[in-house]
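What follows is a short report on a single structure.
What follows draws every value from the coordinates through simple rules; no lab data is involved. Keep in mind it's a predicted model, so treat the numbers as computed, not measured. Note that we place each Cβ from the backbone using ideal geometry, even for glycine, and neighbour counts take in every protein chain shown.
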Amino acid sequence: MKQNPLGKSGINVSAMTIGCWPFGGGTYWGAQAQADVDRVVHAALDLGVNAFDTAEMYNGGASETSLGLALKGSRRDKAVVISKISPSNCAEGNVRKHCVASLQRLGMDYLDVYMLHWPINKLALEHFTKDSATLAAPPTIQSAYAQLAELQREGLVRSIGMSNFGAGQMAEVVATGVRVDVNEMPFNVVSRAIEPVIAPYCLKHDIAIIGSMGLQQGLLAGIYEDADSVPPPQAHSRHFAHWRGDWAQWVARHPGYPNAGTGNETRHGENGCEAETFATVSGLRDIARRLNITIAQLSIAWILKKPFMASTLVGSRNTDELRQNIDACAIEISDEIVAEIDALSQPVLDALGANPDYYEANEKSRIF
């Protein structure tokens, strides 16, 4: 398993990072048995994957607890543990409290990487809190990163990062003088918005990129034949028509679905680009068949060919999925195949543009 450096931190991460959002179980991803988490985490370490990504908000903290149980004992020192603090929790004096709470859930005495989960702006904050005082007087980037730097000096955090920050927002962080080693951003074959501006900025400033949503929540694993087969929680990005997140319409098309929720999961209000997205998936399936690999493996191999990617974040619910994903990290696709996939997915990039906030309308992007 290839490893790449995280900025100037001295930390190397495997080319694949385990996405731990499902750990602990929750309404978004459904139940997740701890025994399966243990098996995935232990097998990942044995097979050369050392990076694990969680957050205080994932399943109300249960993700951190579950990951900590799986890494308990001698396995901790083999892992690079990444967690994130919500922007609403970054008021003066608050960051340390939330870091310590994450460490307690994890059962650890330090984090390898601690990230600000989203930029601090009104729209981003509204997804994390309804507190009128916080919304009226938000934390500042200067204060948030000064507190993170203090945690680093105390030894509670080895490296400082950010997640979902655009070039302008990264510039604000760089201006604080605090060294930031990594930005975690959505990136995959149908989510390429970071390519024009964000990736070049990161390369220039020695900020590593960990790509999230490597398989676009299952879409690029080839498990959905068309938009009608994608459940609402996985269909509320701008790739899909805004009505796809409506549970009532989903249940009408899929009577008896066991995890039915209520209301509409979608916020963006746009028409999506479903034809372009599923044409890309169909084309990927054809290329994968030619190469005698799975569409998921092709999608991961394409990501890791990009020179600005340190690691791609992929979820693995069981060890069979894990081994297939790890195998993909060793697949070397040719430059010609990369160019073919770039051309295949260009209509999606053209339709969605250079806005990496895939869940809000373009004019309401939280990332800039």
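Here are some notes:
- Within segment 341-358, considering residues that are surrounded by 17 or more Cβ atoms within 10 Å (Cβ to Cβ) and of a type outside the set (A, V, I, L, M, F, W, C), the one farthest from the chain's Cα centre (by Cα): SER345
- Where a residue in segment 107-131 is among the polar types (S, T, N, Q) and its partner, wherever it lies, is surrounded by 17 or more Cβ atoms within 10 Å (Cβ to Cβ) and assigned to a loop (DSSP other than H, G, I, E, B), with Cβ under 7 Å and at least six apart: ASN121/ARG366
- Every residue from segment 146-180 that is in a helix (DSSP H, G or I), within 21 Å of the chain's Cα centre (by Cα) and not aliphatic (A, V, I, L, M): GLY168, GLN169
- When ALA35 is tested against (1) without any contact (Cβ under 8 Å) to a residue 60 or more places away in the chain; (2) touching a helix residue (DSSP H, G or I) at 6+ places or on another chain (Cβ under 9 Å), just one condition goes unmet, and that condition is (2).
- Hits in segment 246-265 - residues which are part of a loop (DSSP other than H, G, I, E, B) and either farther than 26 Å from VAL348 by Cβ or touching a residue at least 60 places away in the same chain (Cβ under 8 Å) (or both): PRO255, GLY256, TYR257, PRO258, ASN259, ALA260, GLY261, THR262, GLY263
- For the residues TYR114, TYR58, the requirement of being of a type in the set (Phe, Trp, Tyr), touching a Phe, Trp or Tyr at 6+ places or on another chain (Cβ under 6 Å) and within 30 Å of ASP357 (Cα to Cα) singles out TYR58.
- When the residues of segment 202-245 are filtered to those that are within 15 Å of LYS306 (Cβ to Cβ) and in a helix (DSSP H, G or I), the one that is nearest to the chain's Cα centre (by Cα) is LEU220.
- Scanning segment 85-117 for residues that are under 18 Å from ALA146 (Cβ atoms) and among the basic types (Lys, Arg) turns up ARG96, LYS97.
- Just so you know, in segment 184-200 the residues that are in a loop (DSSP other than H, G, I, E, B) and of a type outside the set (A, V, I, L, M) include one that is surrounded by the most Cβ atoms within 10 Å (Cβ to Cβ), and it is PHE187.
- Residue within segment 77-85 that is more than 30 Å from THR129 (Cβ to Cβ) and of a type in the set (A, V, I, L, M, F, W, C) present: yes
- No other residue among VAL13, VAL49, VAL100, VAL80 is touching a residue at least 12 places away in the same chain (Cβ under 8 Å) and in contact with a Phe, Trp or Tyr (Cβ under 9 Å, 6 or more places away or on another chain) apart from VAL80.
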